[in-house]
Amino acid sequence: MDLFAGETPEIDQQPQTSPSTSLKLTVQDNQLSPAQQQFNKLLERIEKLKNQLNALQQMCDAHRPVYLQKMTPLRQQHHELMRKMVLWLDQRLQRKGWTAAQKRTAVMILCDLSFQLAVQGDVEMKAFHDKHSAENFDEKERAASIELHDAMKEMFGESFFDEESMDSFEDVFRAGMERAREIEAAEQEAHQARKRKKKPNAAQLKAQAEQADAQSTLRKVFRQLASVLHPDRETDPEQRARKNTLMSEANAAYERSDLIELLKIQLRIELTSTDAIAKMAEEKLGPLTLLLKQQMQGLQNELHNARQKARQEFGLDHYETVNVYNLNRKMIVSASVFERELDSMEYDFQHINDDKYFKRWLKSQERSMADLHAETMLSGWPFDPFEQE
């Protein structure tokens, strides 16, 4: 049956899922035209991109539980040691024998550690922070929120947030990101409006016509499926359930303009055939090829974003390839660094009751604080190594 015919055949009881290669155009005698060759190449590229996305997802899903199993106990141990140090410093500060500089450094360390833990929801640590800090936790968070809002206000040239609701840094950040999206959308709409006011040139008219033809072709393929798969027209419960599933797949494919998936569903229900696709008129390859190009670009962007997300989640550098070797290597290296850090923290606890050691430790922490902006892995209590990921 021709791909663009209006007939609605019965659905085969035992459909076979065809790979995208089943859609490739072939000829018996003559060579494929350049347009047909391009169609086939786009099919292959899209299939490859889908496979890469699927493989990346499977790799991350497989690595994630291993990563969490390795890193979560280290995080918990590190945070417990931070709490332990806050409690110890609080007790130590009640004793005499401090110089002003030593007391100032100890209070800074205690407030920094307790603030990190309070941000994570530790109410007890929030109380310890407020006990020793000249500025309480809520004031600090509000100050950070106002500072972020002021920076965004300067960037956007306007205030976009109710100042009475700026206590939460996260709320201000979300509001700022939402405002940024609104501004971007408004700018794009204004740009499109300016383009619409201008008289299009010949190339633009051609591109608009090709895009309209492509969308019309996509709708036609989808409507053929919808006509056959509409579950309300099916009386048999088993077939109705099957049509429901297929219709859901078709709706999702149409929503993302996935021409290949729509054609594959047509093949599965024998609404068309590989021979029918191969016999499509040359003029129909134009809009179909345009849809494939757009789908390929969308998949390329999706793959890029998925790789960036994986790098961020598992601590890879932006230039590193996301593969099993690098994921395992990074996990081992990170765990080793954190284990050394925990050993150092444990060592401090074993010796910190000695006044001489404690004074040297305070000086080392003061130096580490001075080097906070060096953006290197620092060995020191005020700095959470897990934030480096």
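Can you give the convex hull volume per residue for the Cα atoms of the stretch 130-243, as a whole number of Å³? Please list the in-between numbers first.
Working: hull volume 27.3 nm³, N = 114.
Each residue corresponds to 240 Å³ of Cα convex hull volume.
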Distance from the stretch 83-125 to the stretch 49-64 (C-alpha centre basis), Å
44
So which trypsin sites (Lys or Arg not before Pro) in the stretch 157-260 end up in coil per DSSP with only 13 or fewer other C-beta atoms within 10 Å?
Lys198, Arg256
Principal axis dimensions, the stretch 224-361 - Cα atoms, whole angstrom, descending:
87, 41, 21
Pairs from Lys41/Lys284; Lys220/Lys293; Lys70/Lys356 whose Cα-Cα separation, in the structure shown, is over 25 Å:
Lys70/Lys356
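Can you compute the charge dipole magnitude of the stretch 97-147 about its Cα centre, using +1 on each Lys and Arg Cβ and -1 on each Asp and Glu Cβ, nothing else charged? Give it in debye, rounded to the nearest 20.
Working: 6 positive and 9 negative charges, 55 e Å.
Here the stretch 97-147 has a charge dipole of around 260 debye.
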Neighbourhood charge, 12 Å Cβ-Cβ cut-off, centred on Glu147 and excluding it, Lys, Arg +1 and Asp, Glu -1
0
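Using DSSP to call loops (not H, G, I, E or B), can you name the GluC sites (Glu not before Pro) in the stretch 65-161 whose Cβ has at most 14 other Cβ atoms within 10 angstrom?
On the way: sites: Glu80, Glu124, Glu135, Glu139, Glu141, Glu147, Glu154, Glu158; in loops: Glu135, Glu158.
Listed in order of number, the matching sites are Glu135, Glu158.
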Can you pull out the trypsin sites (Lys or Arg not before Pro) in the stretch 49-133 whose DSSP state is coil and whose Cβ has at most 10 other Cβ atoms within 10 Å?
Arg95, Lys96
Computed curve, the stretch 62-110, Cα-only Debye sum without solvent term, log₁₀ I(q)/I(0) at 0.13, 0.20 Å⁻¹, is -0.47, -0.70
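A short reminder: the numbers here are calculations on the coordinates, not readings from a lab. This structure is a prediction, so every number in the text was calculated from the model and none was measured. Using ideal geometry, Cβ is built from the backbone for each residue, glycine included, and neighbour counts are taken over all protein chains shown.
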